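Chemist: Quick one: the structure is below, and I'll ask about it shortly.
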Amino acid sequence: MGALFSLAAVLLLSLVAYVGVELIGMRSFFGIVIPYVAVLTIIVGVVYRVITWGKSPVPFAISTSCGQQKSLPWINQSKLDNPSTTSGVIGRMALEILLFRSLFRNNTSELREGRLAYSSGKWLWLAALAFHWTFLIVLIRHMRFFANPSPAFVSALESLDGFLQIGAPRLFLTGAILLVAVSYLLYRRLAVRTVRYISLAADYFPLFLIIAIATTGILMRYFIKVDIVSVKELTMGLIGFSPVIPEGIGVIFYIHVFLVSTLFVYFPFSKLVHAGGVFLSPTRNLANDSRMKRHINPWNYPVKLHPYEEYEDDFREKMENAGIPVEIPSAKAPAAAESESGNETNDAEIPVGEE
Amino acid sequence: MAKKPTPEELSKINYSLPYTGWMYNPVEFKDGMFCNASKPESLNTVDFPNARKWSVKDEDWNLPENWKEIVLEAMKERLEKYRSFRLFMDICVRCGACADKCHFFLGTGDPKNMPVLRAELIRSVYRRYFTKSGQMLGNLAGGRELTLDVLKEWWYYFYQCSECRRCSVFCPYGIDQAEITMIGREILNLLGLNIEWIAGPVANCFMKGNHLGLEPHTIKSNFEFMIDDIEEITGVKVDPSFNRKGAEVLFVAPSGDMFGDPGTYTCMGYMMLFHEIGLDYTWSTYASEGGNFGFFTSNEMAKRLNSKIYAEAQRLGVKWIIGGECGHMWRVMHQYMDTWNGPADFLEVPVSPITGTKFENAGSTKMIHIAEFTADLIKHGKLNLDPSRNDHLKVTFHDSCNTSRGMGILDEPRYVIKNVCNNFHEMPEDTIREKTFCCGSGSGLNASENMELRLRGGFPRANAVKHVQQHHGVNMLANICAIDRAALPPLMNYWVPGVDVAGMHELVANALVMKGEKERTQDMRLEDLPEKEGAEDV
Amino acid sequence: MLWSRQAPEAQELPEAEMKTKMNGDDMATKLNDILRKKKPAILKRWLDAISATYSGEAAAFLKGQKNQFTGPMGYTIQEGLEGLVDGLIDEAPFEEIAPYLESIIKIRAVQDFSPSQAVAFIFHLKKIISEESQNTSDAQGVADAAALTAFELKIDTLALISFDLYMEARDKIYQLKSNESRDMVFRLLQKERRLLEMQEQGLEQGPNTETPILK
């Protein structure tokens, strides 16, 4: 259901771009207006989301400790999985963001029928890691369209990426890996019954969208070639805020750009913002030092208590009879204190409603 | 029961509903899977709103008319107060890494016990009412109307989560279902929808200082029995004090240790240890509860109960605090207490008077875990131990969820146990330390009426115990948690008969050679020690 | 333990079958050989059948659980089924097979099954065995009907044991429940009694008989 809907949505989007450009000729709209809107949306959107998260307080130090705590000097602390210092937290976050440390924990090797086997968790980790890294590299590679001459590190990355020297233009490994990895993620979502059960349209849509983006990109580079000089003229125009629409850019380019723009617009409103959110996750980015340093809750407020004095009033006689010391011996205590236990007295504390 | 003529037909019974997605399957309350509803008296004691008599299986829960408003308003407030809540509502990608990490899912197979789906129960409502896409696209964007069915589903599944945080270890974004469950329960509590197994202890603890509702004189008389037993076993008379001003240390333990076995054996262990090293310490009858069932209710209730500990430390004028063996108690002490009720600037950084070790790791809360304290004593050779007195035991150690994933006290208890026992065997790697499996009864779910739930949830843990029982002959499951000591015995009894349950300090007490003690013929359970070959006088 | 008692006999062999019992041993061996070859198929079908008694998601999940510790329910059931099939084929004594049966029954006894549903999976094996033993292209030909009947009798016996095991497990659960409630009430009574005693006798001395709270 969700999957079919998402697939249809992506196909429809492609069709919109095709019709818009090829049949109606709205090149400026799809080549200039849409990209500007998309870039603006993703920037404003993500900044807004991150600010919203950042503004909401972290009342408690709720680090998830995934290893030995820092306690006695002769006990080895797990400095990365249970950090107690800022540098430890930076290390933990780096492992988390660059290598998907937590996802990696799914990898449990096991002996099955005498052979060492791995649970499917390994593939999730591997595909996720491959997908995110290749996506990043592909994104960086695209910088050659937005700088003239293209920056040295981008060229270096390109030559690394195409080191296999297959075909002309040279095959970029990352593009291929990206497509394979994202297809696996889609396959997994459909094939693993529990994952399919929890999946929403919002989970399939970005997958189909990214598959479509990668496919159009690959088609454009290797098969339905577009005039790369004109494309660069357009992209340089965009970046220099003097947009032009050169002649002779194939419709596939506009479809690609439209799908990418859709992704950008969709990004801040969807689960894709996890890219920003992961940095702010309080179970990961806090040091486990809550007994060493007091963590401040900005909205901490006084609550209604049952102070010792009231407790003693409730039980004074019983305590005295049991030889437990009291503050005010019953001989001197006011008459009210002699009432039986269980009476509720008025609290002097600030009364507050149940929070 | 309907007539079911052939086995084949039986197998045809299909429990899966037609595929309409999980959002539209209303919850079915299955016997043995939920706890009894809270009683109005319990809620009234702590001034909780909407206290009333209600019953889980009733169609009508007698909710206040504006319950939807209350829920949505409460969600809004918490989205603004907790970054965790807002973030965890937003960033889940439903990768499913957490799905098979939950002991309740592993034991029940109920898809709504997958942490991701348990979170989606409330996340779907969040999307519908608090995100633009959900408001506009509704179901298409994964949004869901808040209905009575949805609310009941929350109740059923938020009280089928033991807040163990195992999912959070495996989540690539650290999404912690415990956090979501806690907030979910907090919202349910605004409608008077608690369970009595939590509400009752909370009321007790508020008025009487401990979950069990032990009054001061009862506490003392319970201790007298334990003191007698210690004398019978060791020949040494220990002399604990209560509410004594001017002691150096306040000791706070879960009240379960003062009452039911096998907790009492651990409690006797605390007393023997402190007596032996001559620690100047006192118990408190006012702060007689280390645990905090308020924590399973609402942040505010947890704070109200927790406040007694610092208040009592201040009243008695102690220098610092030691805490006993308890799981969720230590999540609270470690991650919440100082924030709620600190700063404890009237206390001093704990320094062991026996070894001189300064516990810098508790520099702010001024409270240390007894495993830290005892491990330090042993490391410095301050205890005379005869581990052979535990030779009749083959021990394994169950890490409690909260102490492992909300603190990280993993090696201290192991060090202590290995020094007091000769036979120690770890359970398999995937089931211990930060990956430990819950006892199945945490977060206030250790009632009797939900025994099936507890047995299912505890199955992954029991299964690992069974493994070490078969391979190493393990017969004792050690732990540092009072709920474990209450919940694991029935779990073992059902799944792994022949394995007993003990707190760590019971094992310490068995091995502890006290000054002036008689030759021991009994262990802490008053059971005869096996005859020793040759004299092993110490 | 239950299976250390004598295993219940399903029924006496009918007389007609007694006649064929002469060469029964050979036939049984032959059947066992066929079944041994077919074991993977039998196990797969049996697991499918038992999985079908769970909801769709749970069933898929159950079958996917191969790790002893991270997927204990699926593992235990699969291990149990295999142990049962092996035991039946190898003609192991019931007390050797029963633990496998017990491990499965215990799981099903805490799940949402009626008693008949909980043990029905045993009977699936009959159908599977009979189909698999007939449906063989083996040169030896199909299995002897009498041998098959004898094999099925063993399955019946297993089914009878499984009822006992199920009841034992349910009894245990009720016992655990009532123990907990009883302990609580008991402790409350103790508390009350002690209170009275203390009020009557003054407070210093506790009862010096046995120590009730530790019971």
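The values are calculated or read from the model by the stated rules, or taken from the named source; none is laboratory data. Here the structure is a predicted model, which means the values were calculated and not measured. Methodologically, a virtual Cβ is constructed for each residue, glycine included, from the backbone with ideal geometry; neighbour enumeration extends over all protein chains shown.
Chemist: So is B:LEU347 over 23 Å from the mean Cα position of the chain (by Cα), away from every other protein chain (no Cβ under 14 Å) and of a type in the set (A, V, I, L, M) or not? Give the steps one after another, and end with the answer.
Modeler: Working: over 23 Å from the mean Cα position of the chain (by Cα): yes; away from every other protein chain (no Cβ under 14 Å): no; of a type in the set (A, V, I, L, M): yes.
No: the conditions fail for B:LEU347.
Chemist: Would you confirm whether any residue within the stretch B:252-275 is among the β-branched types (Val, Ile, Thr), away from chain A (no Cβ under 14 Å) and surrounded by fewer than 24 Cβ atoms within 10 Å (Cβ to Cβ)? Break it down into steps so the answer makes sense when it comes.
Modeler: Filtering the stretch B:252-275 down to residues among the β-branched types (Val, Ile, Thr) leaves B:252, B:264, B:266.
Subsequent filtering for residues that are away from chain A (no Cβ under 14 Å) retains B:252, B:264, B:266.
In the following step, the residues that additionally are surrounded by fewer than 24 Cβ atoms within 10 Å (Cβ to Cβ) were identified as none.
No, there is no match, as no residue in the stretch B:252-275 is among the β-branched types (Val, Ile, Thr), away from chain A (no Cβ under 14 Å) and surrounded by fewer than 24 Cβ atoms within 10 Å (Cβ to Cβ).
Chemist: Consider B:VAL238 carefully, then state whether it is among the β-branched types (Val, Ile, Thr), outside the structural domain of B:CYS161 (by TED's automatic domain parsing) and either surrounded by fewer than 24 Cβ atoms within 10 Å (Cβ to Cβ) or out of contact with any strand residue (DSSP E or B) (no Cβ under 8 Å at 6 or more places or on another chain) (or both).
Modeler: On the way: among the β-branched types (Val, Ile, Thr): yes; outside the structural domain of B:CYS161 (by TED's automatic domain parsing): yes; either surrounded by fewer than 24 Cβ atoms within 10 Å (Cβ to Cβ) or out of contact with any strand residue (DSSP E or B) (no Cβ under 8 Å at 6 or more places or on another chain) (or both): yes.
Against the criterion (among the β-branched types (Val, Ile, Thr), outside the structural domain of B:CYS161 (by TED's automatic domain parsing) and either surrounded by fewer than 24 Cβ atoms within 10 Å (Cβ to Cβ) or out of contact with any strand residue (DSSP E or B) (no Cβ under 8 Å at 6 or more places or on another chain) (or both)), B:VAL238 qualifies.
Chemist: Go through the stretch A:1-109 and tell me which helices (runs of 4 or more DSSP H), entirely inside it, have 2 or more residues that are out of contact with any helix residue (DSSP H, G or I) (no Cβ under 6 Å at 6 or more places or on another chain). Let's see the steps before the verdict.
Modeler: Numbers: elements: A:2-18, A:34-55, A:86-99, A:101-104.
Here the list reads A:2-18, A:34-55, A:86-99.
Chemist: If I go through the stretch C:54-81 residue by residue, how many of them are surrounded by 17 or more Cβ atoms within 10 Å (Cβ to Cβ) and modelled with pLDDT of 85 or more?
Modeler: Here the count works out to 9.
Chemist: Which of the following residues is within 18 Å of the chain's Cα centre (by Cα) and either assigned to a loop (DSSP other than H, G, I, E, B) or of a type in the set (A, V, I, L, M, F, W, C) (or both): A:ALA156, A:ALA147, A:ALA214, A:ALA128?
Modeler: Working: A:ALA156 fails: within 18 Å of the chain's Cα centre (by Cα); A:ALA147 fails: within 18 Å of the chain's Cα centre (by Cα); A:ALA214 fails: within 18 Å of the chain's Cα centre (by Cα).
One residue alone meets the criteria, A:ALA128.
Chemist: Follow-up. Can you name the helices (runs of 4 or more DSSP H) wholly within the stretch B:330-433 that have at least 2 residues being at pLDDT 95 or above and of a type in the set (S, T, N, Q)?
Modeler: Values: elements: B:337-341, B:370-379, B:401-405, B:411-420.
Helices (runs of 4 or more DSSP H) meeting the threshold: B:337-341, B:401-405.
Chemist: Another question about this same structure. Going residue by residue through the stretch B:437-449, is there one that turns out to be more than 13 Å from every other protein chain (Cβ to nearest Cβ), over 15 Å from the mean Cα position of the chain (by Cα) and of a type outside the set (Phe, Trp, Tyr)?
Modeler: no
Chemist: Test A:TYR187 against the stated conditions and say whether it is assigned to a helix (DSSP H, G or I) and either surrounded by fewer than 16 Cβ atoms within 10 Å (Cβ to Cβ) or without any contact (Cβ under 8 Å) to a residue 12 or more places away in the chain (or both).
Modeler: Working: assigned to a helix (DSSP H, G or I): yes; either surrounded by fewer than 16 Cβ atoms within 10 Å (Cβ to Cβ) or without any contact (Cβ under 8 Å) to a residue 12 or more places away in the chain (or both): yes.
Yes: the conditions hold for A:TYR187.
Chemist: Further question: Test B:GLY107 against the criterion of being out of contact with any strand residue (DSSP E or B) (no Cβ under 6 Å at 6 or more places or on another chain), buried (at least 24 other Cβ atoms within 10 Å of the Cβ) and either facing another protein chain (nearest Cβ under 7 Å) or part of a helix (DSSP H, G or I) (or both), and give yes or no. Even if it seems obvious, please write down each step before you answer.
Modeler: Numbers: out of contact with any strand residue (DSSP E or B) (no Cβ under 6 Å at 6 or more places or on another chain): yes; buried (at least 24 other Cβ atoms within 10 Å of the Cβ): yes; either facing another protein chain (nearest Cβ under 7 Å) or part of a helix (DSSP H, G or I) (or both): yes.
Here the answer is yes, as B:GLY107 does meet what is asked.
Chemist: Here is a follow-up. Would you call B:ILE195 touching a helix residue (DSSP H, G or I) at 6+ places or on another chain (Cβ under 8 Å) and among the aliphatic types (A, V, I, L, M)?
Modeler: No.
Chemist: Can you work out which of the residues in the stretch B:363-410 that are of a type in the set (S, T, N, Q) and buried (at least 24 other Cβ atoms within 10 Å of the Cβ) is farthest from the other protein chains (Cβ to nearest Cβ)? Break it down stepwise before answering.
Modeler: Filtering the stretch B:363-410 for residues of a type in the set (S, T, N, Q) gives B:364-365, B:374, B:384, B:388, B:390, B:396, B:400, B:402-404.
Checking which are buried (at least 24 other Cβ atoms within 10 Å of the Cβ) leaves us with B:365, B:374, B:390, B:396, B:400, B:402-404.
Numbers: B:THR365: 4, B:THR374: 11, B:ASN390: 19, B:THR396: 13, B:SER400: 12, B:ASN402: 10, B:THR403: 9, B:SER404: 7 Å.
Per the stated criteria, the residue is B:ASN390.
Chemist: Residue by residue through the stretch B:447-464, note down the ones that are part of a loop (DSSP other than H, G, I, E, B), surrounded by 24 or more Cβ atoms within 10 Å (Cβ to Cβ) and polar (S, T, N, Q).
Modeler: Residues of the stretch B:447-464 part of a loop (DSSP other than H, G, I, E, B): B:447-450, B:458.
Next, only the ones that are surrounded by 24 or more Cβ atoms within 10 Å (Cβ to Cβ) stay: B:450, B:458.
Hit for the stretch B:447-464 is B:ASN450, nothing else.
Chemist: Follow-up question, since we're still on this one. Anything in the stretch B:465-486 that is among the hydrophobic types (A, V, I, L, M, F, W, C), farther than 20 Å from B:HIS392 by Cβ and crowded, with 24+ Cβ neighbours inside 10 Å? List them, or say none. Full working, then the answer.
Modeler: We begin by selecting, within the stretch B:465-486, every residue among the hydrophobic types (A, V, I, L, M, F, W, C); these are B:465, B:468, B:474, B:476-478, B:480-483, B:486.
When the remaining residues are screened for being farther than 20 Å from B:HIS392 by Cβ, the result is B:480-483, B:486.
The answer is B:ILE480, B:CYS481, B:ALA482, B:ILE483.
Chemist: I've got another one for you. Restricting to the stretch A:56-77, give me the number of residues that are more than 7 Å from chain B (Cβ to nearest Cβ) and within 26 Å of the chain's Cα centre (by Cα).
Modeler: The number of residues fulfilling the criteria is 1.
Chemist: Between a residue in the stretch A:289-314 that is without any contact (Cβ under 8 Å) to a residue 60 or more places away in the chain and facing chain B (nearest Cβ under 7 Å) and any residue that is charged (D, E, K, R) and part of a loop (DSSP other than H, G, I, E, B), which pairs come within a Cβ distance under 6 Å, given they are 6 or more apart or on different chains?
Modeler: A:LYS304/A:ASP347; A:LYS304/A:GLU349; A:LEU305/A:GLU349
Chemist: Something else: List the helices (runs of 4 or more DSSP H) inside the stretch B:117-220, counting only whole elements, that have at least 1 residues being under 25 Å from the mean Cα position of the chain (by Cα). Explain how you work it out, then say what you get.
Modeler: Values: elements: B:132-137, B:148-158, B:166-170, B:177-190, B:196-208.
Ranges flagged: B:148-158, B:166-170, B:177-190, B:196-208.
Chemist: Being in a loop (DSSP other than H, G, I, E, B), within 30 Å of B:PHE206 (Cβ to Cβ) and within 25 Å of the chain's Cα centre (by Cα) is true for just one of A:PRO302, A:PRO298, A:PRO282, A:PRO329. Which residue is that?
Modeler: Details: A:PRO302 fails: within 25 Å of the chain's Cα centre (by Cα); A:PRO298 fails: within 25 Å of the chain's Cα centre (by Cα); A:PRO329 fails: within 25 Å of the chain's Cα centre (by Cα).
After ruling out the rest, the residue left standing is A:PRO282.
Chemist: Name the residue, out of B:MET492, B:MET514, that is surrounded by 14 or more Cβ atoms within 10 Å (Cβ to Cβ) and in a loop (DSSP other than H, G, I, E, B). Spell out the reasoning first.
Modeler: Working: B:MET492 fails: in a loop (DSSP other than H, G, I, E, B).
On inspection, the qualifying residue turns out to be B:MET514.
Chemist: A further question follows. Identify all residues within the stretch B:265-316 that are in contact with a Gly (Cβ under 9 Å, 6 or more places away or on another chain) and among the β-branched types (Val, Ile, Thr); write none if there are none.
Modeler: B:THR266, B:THR282, B:THR285, B:THR297, B:ILE309 - these are the residues of the stretch B:265-316 that are in contact with a Gly (Cβ under 9 Å, 6 or more places away or on another chain) and among the β-branched types (Val, Ile, Thr).
Chemist: Another question, then. Does B:ARG166 satisfy the criteria of being surrounded by 24 or more Cβ atoms within 10 Å (Cβ to Cβ), within 11 Å of chain A (Cβ to nearest Cβ) and basic (Lys, Arg)?
Modeler: On the way: surrounded by 24 or more Cβ atoms within 10 Å (Cβ to Cβ): yes; within 11 Å of chain A (Cβ to nearest Cβ): yes; basic (Lys, Arg): yes.
So B:ARG166 passes the test.
Chemist: Moving to a separate point now. Of A:ARG92, A:ARG170, which residue is of a type outside the set (Phe, Trp, Tyr), assigned by TED's automatic domain parsing to the domain that holds A:ILE239 and at pLDDT below 95? Spell out the reasoning first.
Modeler: Numbers: A:ARG92 fails: at pLDDT below 95.
Only one candidate passes the filter, namely A:ARG170.
Chemist: Would you say B:GLU231 is modelled with pLDDT under 95, closer than 30 Å to B:GLU519 by Cα and of a type in the set (D, E, K, R)? First the steps, then the outcome.
Modeler: On the way: modelled with pLDDT under 95: no; closer than 30 Å to B:GLU519 by Cα: yes; of a type in the set (D, E, K, R): yes.
No: the conditions fail for B:GLU231.
Chemist: While we're here: For the stretch B:288-318, give me each residue that is in a loop (DSSP other than H, G, I, E, B), buried (at least 24 other Cβ atoms within 10 Å of the Cβ) and more than 9 Å from chain A (Cβ to nearest Cβ). Outline the logic, then answer.
Modeler: Applying the first criterion (in a loop (DSSP other than H, G, I, E, B)) to the stretch B:288-318 yields B:288-292, B:297-298, B:317-318.
Next cut, buried (at least 24 other Cβ atoms within 10 Å of the Cβ) only: B:288-292, B:297-298, B:318.
Within the stretch B:288-318, B:SER288, B:GLU289, B:GLY290, B:GLY291, B:ASN292, B:THR297, B:VAL318 meet the criteria.
Chemist: Which residue, of C:PHE69, C:PHE121, C:PHE61, is touching a residue at least 60 places away in the same chain (Cβ under 8 Å) and over 18 Å from C:LYS37 (Cα atoms)?
Modeler: Working: C:PHE69 fails: touching a residue at least 60 places away in the same chain (Cβ under 8 Å); C:PHE61 fails: touching a residue at least 60 places away in the same chain (Cβ under 8 Å).
The unique qualifying residue is C:PHE121.
Chemist: Step by step: first the residues of the stretch A:94-109, then only those that are aliphatic (A, V, I, L, M) and more than 10 Å from chain B (Cβ to nearest Cβ), then the one that is surrounded by the most Cβ atoms within 10 Å (Cβ to Cβ). Which residue is that? Walk me through how you get there before you give the answer.
Modeler: In the first step, residues of the stretch A:94-109 are kept if they are aliphatic (A, V, I, L, M); the result is A:94-95, A:97-99, A:103.
Subsequent filtering for residues that are more than 10 Å from chain B (Cβ to nearest Cβ) retains A:94-95, A:98-99.
Numbers: A:ALA94: 12, A:LEU95: 16, A:LEU98: 11, A:LEU99: 13.
Ranking the candidates gives A:LEU95 first.
Chemist: Out of contact with any His (no Cβ under 6 Å at 6 or more places or on another chain) and under 30 Å from A:LEU207 (Cβ atoms): which single residue out of A:LEU305, A:LEU272 fits that description?
Modeler: Among A:LEU305, A:LEU272, only A:LEU272 is out of contact with any His (no Cβ under 6 Å at 6 or more places or on another chain) and under 30 Å from A:LEU207 (Cβ atoms).
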